[in-house]
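Engineer: Okay, handing you the structure first.
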Amino acid sequence: MAPNVPVIDIREVTRTYGEDPPALADVTLSVRAGEAVAVLGPSGSGKSTLLNLIAGLDRPSTGSVTVDGLRVDALSEAGSARYRRTRIGMVFQFFNLLDDLTVTDNVLLPAQLAGLSRGEARTRAAGLLESLRIDRHADAYPGRLSGGERQRVAVARALMNRPALLLADEPTGALDTASGDDVRALLADLNAAGQTIVLVTHDLALARSCATRTVELVDGRIVRDSGHVAPAATR
Ligand code: ADP
Ligand code: MG
(Lines give C-alpha, C1' and ligand atoms only; values in the text may rest on other atoms or scores of the structure.)
(Ligands and ions follow the chains in the order given, each with its own letter.)
Protein backbone atom coordinates (compact mmCIF):
# COMPACT_ATOMS: atom_id res chain seq x y z
CA MET A 1 0.00 0.00 0.00
CA ALA A 2 1.20 3.53 -0.77
CA PRO A 3 2.58 5.47 2.19
CA ASN A 4 0.30 8.07 3.79
CA VAL A 5 -2.91 6.33 2.76
CA PRO A 6 -4.85 5.82 5.98
CA VAL A 7 -5.11 2.15 6.85
CA ILE A 8 -7.43 3.08 9.72
CA ASP A 9 -9.85 5.97 9.68
CA ILE A 10 -11.98 6.21 12.82
CA ARG A 11 -14.42 9.11 12.95
CA GLU A 12 -16.27 10.38 16.00
CA VAL A 13 -16.73 6.95 17.48
CA THR A 14 -18.63 6.49 20.70
CA ARG A 15 -19.33 3.07 22.24
CA THR A 16 -21.67 2.86 25.17
CA TYR A 17 -22.75 -0.18 27.13
CA GLY A 18 -26.18 0.29 28.74
CA GLU A 19 -26.34 3.19 31.18
CA ASP A 20 -22.59 3.20 31.94
CA PRO A 21 -20.41 6.13 30.93
CA PRO A 22 -19.11 5.48 27.39
CA ALA A 23 -16.29 2.94 27.00
CA LEU A 24 -15.15 5.17 24.12
CA ALA A 25 -16.24 8.77 23.70
CA ASP A 26 -15.90 10.76 20.48
CA VAL A 27 -12.71 9.09 19.29
CA THR A 28 -11.28 10.21 15.96
CA LEU A 29 -8.06 8.54 14.88
CA SER A 30 -6.32 8.02 11.58
CA VAL A 31 -3.42 5.59 11.15
CA ARG A 32 -1.26 5.56 8.03
CA ALA A 33 0.40 2.63 6.33
CA GLY A 34 3.71 1.85 7.99
CA GLU A 35 2.90 3.31 11.37
CA ALA A 36 3.22 1.30 14.59
CA VAL A 37 0.77 2.78 17.08
CA ALA A 38 0.87 1.86 20.75
CA VAL A 39 -2.41 2.53 22.53
CA LEU A 40 -1.67 3.18 26.19
CA GLY A 41 -3.91 3.87 29.15
CA PRO A 42 -5.04 2.57 32.52
CA SER A 43 -7.18 -0.52 32.91
CA GLY A 44 -10.76 0.17 31.81
CA SER A 45 -9.82 3.17 29.65
CA GLY A 46 -11.24 1.61 26.46
CA LYS A 47 -8.14 0.11 24.82
CA SER A 48 -9.61 -3.31 24.10
CA THR A 49 -12.89 -1.74 23.02
CA LEU A 50 -10.98 0.32 20.46
CA LEU A 51 -9.10 -2.73 19.18
CA ASN A 52 -12.32 -4.76 18.95
CA LEU A 53 -13.97 -2.02 16.89
CA ILE A 54 -11.01 -1.98 14.49
CA ALA A 55 -11.19 -5.79 14.26
CA GLY A 56 -14.92 -5.72 13.51
CA LEU A 57 -15.58 -7.76 16.65
CA ASP A 58 -17.74 -4.96 18.02
CA ARG A 59 -19.64 -2.02 16.53
CA PRO A 60 -19.65 1.64 17.53
CA SER A 61 -22.84 3.12 18.98
CA THR A 62 -22.21 6.14 16.74
CA GLY A 63 -19.46 7.07 14.29
CA SER A 64 -17.62 5.12 11.59
CA VAL A 65 -14.67 2.73 11.40
CA THR A 66 -12.93 2.35 8.02
CA VAL A 67 -10.00 -0.06 7.63
CA ASP A 68 -8.11 -0.63 4.39
CA GLY A 69 -10.91 1.19 2.57
CA LEU A 70 -13.66 -0.96 4.09
CA ARG A 71 -16.48 0.33 6.32
CA VAL A 72 -15.93 -2.23 9.05
CA ASP A 73 -18.84 -1.00 11.17
CA ALA A 74 -21.29 -1.67 8.33
CA LEU A 75 -20.25 -5.24 7.46
CA SER A 76 -22.58 -8.21 7.76
CA GLU A 77 -21.52 -10.97 10.12
CA ALA A 78 -20.15 -13.01 7.20
CA GLY A 79 -18.46 -9.95 5.74
CA SER A 80 -16.91 -9.19 9.11
CA ALA A 81 -15.54 -12.74 9.46
CA ARG A 82 -14.15 -12.55 5.94
CA TYR A 83 -12.55 -9.17 6.73
CA ARG A 84 -10.78 -10.64 9.75
CA ARG A 85 -9.58 -13.62 7.74
CA THR A 86 -8.19 -11.63 4.84
CA ARG A 87 -7.22 -8.08 5.87
CA ILE A 88 -6.07 -8.19 9.46
CA GLY A 89 -3.97 -10.39 11.73
CA MET A 90 -4.55 -10.56 15.47
CA VAL A 91 -2.26 -11.43 18.37
CA PHE A 92 -3.54 -11.88 21.90
CA GLN A 93 -2.05 -11.90 25.40
CA PHE A 94 -2.61 -15.66 25.83
CA PHE A 95 -1.63 -16.68 22.27
CA ASN A 96 -4.96 -18.44 21.46
CA LEU A 97 -3.19 -21.29 19.64
CA LEU A 98 -4.94 -24.60 19.03
CA ASP A 99 -3.10 -27.03 21.29
CA ASP A 100 -4.06 -30.17 19.36
CA LEU A 101 -2.58 -28.84 16.10
CA THR A 102 1.14 -28.69 15.38
CA VAL A 103 2.90 -25.34 15.05
CA THR A 104 2.82 -25.64 11.25
CA ASP A 105 -0.89 -26.52 11.19
CA ASN A 106 -1.70 -23.57 13.46
CA VAL A 107 0.12 -21.25 11.06
CA LEU A 108 -1.53 -22.84 8.00
CA LEU A 109 -5.05 -22.47 9.36
CA PRO A 110 -5.79 -18.88 8.25
CA ALA A 111 -4.58 -19.66 4.73
CA GLN A 112 -6.83 -22.71 4.53
CA LEU A 113 -9.79 -20.64 5.72
CA ALA A 114 -8.99 -18.02 3.09
CA GLY A 115 -8.75 -20.64 0.34
CA LEU A 116 -5.06 -20.29 -0.49
CA SER A 117 -3.66 -23.27 -2.42
CA ARG A 118 -2.03 -25.90 -0.26
CA GLY A 119 1.36 -25.58 -1.95
CA GLU A 120 1.47 -21.82 -1.68
CA ALA A 121 0.30 -21.97 1.95
CA ARG A 122 3.01 -24.48 2.88
CA THR A 123 5.72 -22.39 1.23
CA ARG A 124 4.52 -19.26 2.99
CA ALA A 125 4.24 -20.98 6.38
CA ALA A 126 7.74 -22.41 6.08
CA GLY A 127 9.11 -18.96 5.22
CA LEU A 128 7.38 -17.35 8.20
CA LEU A 129 8.53 -20.04 10.62
CA GLU A 130 12.07 -19.56 9.43
CA SER A 131 12.07 -15.77 9.58
CA LEU A 132 10.48 -15.84 13.04
CA ARG A 133 13.04 -18.43 14.17
CA ILE A 134 10.59 -21.16 15.11
CA ASP A 135 11.25 -23.50 12.20
CA ARG A 136 12.90 -26.08 14.44
CA HIS A 137 9.55 -26.41 16.26
CA ALA A 138 7.51 -26.76 13.05
CA ASP A 139 6.19 -30.22 13.97
CA ALA A 140 5.89 -29.65 17.73
CA TYR A 141 2.66 -28.99 19.59
CA PRO A 142 2.32 -25.52 21.15
CA GLY A 143 2.07 -26.94 24.68
CA ARG A 144 5.75 -27.89 24.50
CA LEU A 145 6.95 -24.37 23.64
CA SER A 146 7.93 -21.48 25.89
CA GLY A 147 5.65 -18.44 26.10
CA GLY A 148 7.89 -16.42 23.79
CA GLU A 149 7.96 -19.20 21.23
CA ARG A 150 4.19 -19.54 21.38
CA GLN A 151 3.77 -15.84 20.81
CA ARG A 152 6.09 -16.04 17.79
CA VAL A 153 3.88 -18.82 16.42
CA ALA A 154 0.83 -16.62 17.02
CA VAL A 155 2.54 -13.76 15.14
CA ALA A 156 3.38 -16.12 12.25
CA ARG A 157 -0.26 -17.21 12.12
CA ALA A 158 -1.41 -13.58 12.17
CA LEU A 159 0.89 -12.73 9.23
CA MET A 160 -0.07 -15.74 7.12
CA ASN A 161 -2.58 -13.92 4.93
CA ARG A 162 -0.33 -10.85 4.58
CA PRO A 163 -2.68 -8.53 6.45
CA ALA A 164 -2.82 -4.79 5.83
CA LEU A 165 -2.90 -4.41 9.59
CA LEU A 166 -1.53 -6.35 12.54
CA LEU A 167 -3.45 -5.89 15.80
CA ALA A 168 -2.06 -6.97 19.15
CA ASP A 169 -3.74 -6.79 22.57
CA GLU A 170 -1.13 -6.95 25.37
CA PRO A 171 1.18 -9.22 23.32
CA THR A 172 3.83 -9.25 26.06
CA GLY A 173 1.37 -9.32 28.96
CA ALA A 174 1.89 -13.02 29.74
CA LEU A 175 5.62 -13.25 29.01
CA ASP A 176 8.71 -13.25 31.21
CA THR A 177 11.32 -10.54 30.61
CA ALA A 178 13.47 -12.48 28.11
CA SER A 179 10.49 -13.71 26.07
CA GLY A 180 9.02 -10.23 26.21
CA ASP A 181 12.25 -8.79 24.79
CA ASP A 182 12.07 -11.33 22.01
CA VAL A 183 8.52 -10.38 21.04
CA ARG A 184 9.28 -6.65 21.38
CA ALA A 185 12.20 -7.04 18.95
CA LEU A 186 10.08 -9.11 16.57
CA LEU A 187 7.31 -6.50 16.40
CA ALA A 188 9.87 -3.72 15.90
CA ASP A 189 11.46 -5.70 13.04
CA LEU A 190 8.09 -6.28 11.39
CA ASN A 191 7.29 -2.58 11.52
CA ALA A 192 10.74 -1.69 10.16
CA ALA A 193 9.89 -3.99 7.23
CA GLY A 194 6.73 -1.95 6.63
CA GLN A 195 4.03 -3.78 8.58
CA THR A 196 1.35 -1.46 9.97
CA ILE A 197 0.71 -2.33 13.63
CA VAL A 198 -1.71 -1.21 16.31
CA LEU A 199 -0.99 -2.61 19.71
CA VAL A 200 -2.57 -2.14 23.08
CA THR A 201 -0.26 -2.40 26.02
CA HIS A 202 0.68 -1.54 29.58
CA ASP A 203 4.26 -2.33 28.64
CA LEU A 204 6.16 0.93 28.23
CA ALA A 205 9.25 -0.98 27.04
CA LEU A 206 7.16 -2.39 24.20
CA ALA A 207 5.84 1.05 23.28
CA ARG A 208 9.37 2.47 23.39
CA SER A 209 11.01 -0.26 21.32
CA CYS A 210 8.32 -0.79 18.72
CA ALA A 211 5.95 2.17 18.40
CA THR A 212 6.41 5.07 15.97
CA ARG A 213 3.47 6.75 17.70
CA THR A 214 1.70 6.54 21.04
CA VAL A 215 -1.95 7.30 21.71
CA GLU A 216 -3.15 7.51 25.30
CA LEU A 217 -6.70 6.82 26.41
CA VAL A 218 -8.27 7.89 29.69
CA ASP A 219 -11.96 7.22 30.40
CA GLY A 220 -12.61 6.42 26.74
CA ARG A 221 -11.08 9.61 25.38
CA ILE A 222 -7.81 10.25 23.58
CA VAL A 223 -5.91 12.53 25.94
CA ARG A 224 -2.54 12.39 24.16
CA ASP A 225 -1.35 11.51 20.66
CA SER A 226 2.29 11.80 19.69
CA GLY A 227 1.04 12.24 16.12
CA HIS A 228 1.98 10.90 12.75
CA VAL A 229 5.63 10.04 12.24
CA ALA A 230 7.00 9.20 8.83
CA PRO A 231 6.93 5.41 8.45
CA ALA A 232 10.23 3.55 8.51
CA ALA A 233 10.14 2.96 4.75
CA THR A 234 10.33 6.69 3.99
CA ARG A 235 12.55 7.87 6.86
P1 ADP B 1 -9.15 -1.64 28.73
O2 ADP B 1 -8.88 -2.63 27.63
O3 ADP B 1 -8.49 -0.31 28.53
O4 ADP B 1 -8.83 -2.19 30.08
P5 ADP B 1 -11.92 -2.00 27.98
O6 ADP B 1 -12.01 -1.49 26.60
O7 ADP B 1 -11.89 -3.48 28.15
O8 ADP B 1 -10.72 -1.31 28.75
O9 ADP B 1 -13.18 -1.47 28.80
C10 ADP B 1 -13.57 -0.09 28.81
C11 ADP B 1 -14.84 0.05 29.63
O12 ADP B 1 -15.92 -0.59 28.96
C13 ADP B 1 -14.76 -0.59 31.00
O14 ADP B 1 -15.46 0.23 31.89
C15 ADP B 1 -15.47 -1.91 30.82
O16 ADP B 1 -16.04 -2.34 32.00
C17 ADP B 1 -16.52 -1.58 29.77
N18 ADP B 1 -16.85 -2.73 28.92
C19 ADP B 1 -16.03 -3.34 28.03
N20 ADP B 1 -16.64 -4.35 27.41
C21 ADP B 1 -17.90 -4.41 27.93
C22 ADP B 1 -19.05 -5.25 27.71
N23 ADP B 1 -19.02 -6.24 26.81
N24 ADP B 1 -20.17 -4.99 28.43
C25 ADP B 1 -20.22 -3.99 29.33
N26 ADP B 1 -19.17 -3.16 29.58
C27 ADP B 1 -18.04 -3.37 28.91
MG1 MG C 1 -7.99 -4.56 27.66
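Engineer: Please report, in whole Å, how far the alpha carbons of the chain spread along each principal axis, starting with the longest.
Structural biologist: Principal-axis extents of the Cα atoms in the chain, largest first: 48, 39, 38 Å.
Engineer: Using a cut-off of under 11 Å, list every residue of segment 124-152 whose amide N is near the label point 7 Å from the Cα of Thr102 along the Cα-to-beta-carbon line.
Structural biologist: Correct set: 137-141.
Engineer: If you don't mind, another one. Please give the per residue accessible area of segment 1-118, computed with a probe of 1.4 Å over protein heavy atoms only, in Å².
Structural biologist: Numbers: 5580 Å² over 118 residues.
Here the per-residue accessible area is 47 Å².
Engineer: In percent, what relative contact order does segment 101-162 have, based on Cα pairs under 8 Å that are 6 or more apart in sequence? Walk me through the numbers on the way to the answer.
Structural biologist: Values: 60 pairs, mean separation 33.1, N = 62.
Answer for segment 101-162 is 53 percent.
Engineer: What percent does the relative contact order of the chain come to when contacts are Cα pairs within less than 8 Å and at least six residues apart?
Structural biologist: Worked out over the chain, it gives 29 percent.
Engineer: Follow-up question, since we're still on this one. For segment 101-162, what number results from the quotient of the Cα radius of gyration and 2.2 N^0.38 Å?
Structural biologist: Compactness ratio reported: 0.99.
Engineer: Using alpha carbons only, how many degrees (0 to 90, rounded to 10) separate the axis of helix 77-86 from the longest principal axis of the chain?
Structural biologist: Tilt of helix 77-86: around 50 degrees.
Engineer: Given an 8 Å cut-off on Cα distances and at least 6 residues of separation, report the relative contact order of segment 87-196 as a percent.
Structural biologist: Worked out over segment 87-196, it gives 42 percent.
Engineer: Quick one: pull the percent of accessible area on segment 9-55 belonging to carbon and sulfur, 1.4 Å probe, ligands and nucleic acids left out. If you can, show how the numbers build up before the last one.
Structural biologist: Details: 810 of 1850 Å².
On segment 9-55, the fraction of accessible area on carbon and sulfur atoms equals 44 percent.
Engineer: Using +1 at the Cβ of each Lys and Arg and -1 at the Cβ of each Asp and Glu in the chain, identify which of Thr177, Val91, Leu40 lies farthest towards the dipole's positive end.
Structural biologist: Checked the options; the winner is Val91.
Engineer: Per-residue HN-Hα couplings for segment 193-207, Karplus 6.51 cos²θ - 1.76 cosθ + 1.60 at θ = phi - 60°, whole Hz, x for Gly and Pro?
Structural biologist: 7, x, 5, 6, 9, 10, 10, 10, 7, 9, 8, 5, 5, 5, 4
Engineer: Under a point spin-label approximation (7 Å from Cα along Cα-to-Cβ), what is the Glu12-Ser117 distance to one decimal in nm?
Structural biologist: The two pseudo-label positions are separated by 4.8 nm.
The values are calculated or read from the model by the stated rules, or taken from the named source; none is laboratory data. Values in this document were obtained by computation on a predicted structure and should not be read as measured data. We place every Cβ from the backbone using ideal geometry, glycine too, and count neighbours over all the protein chains shown. The accessibility values were calculated without ligands, DNA or RNA, using every heavy atom of the protein model including side chains. Shrake-Rupley method; radii C 1.70, N 1.55, O 1.52, S 1.80 Å.
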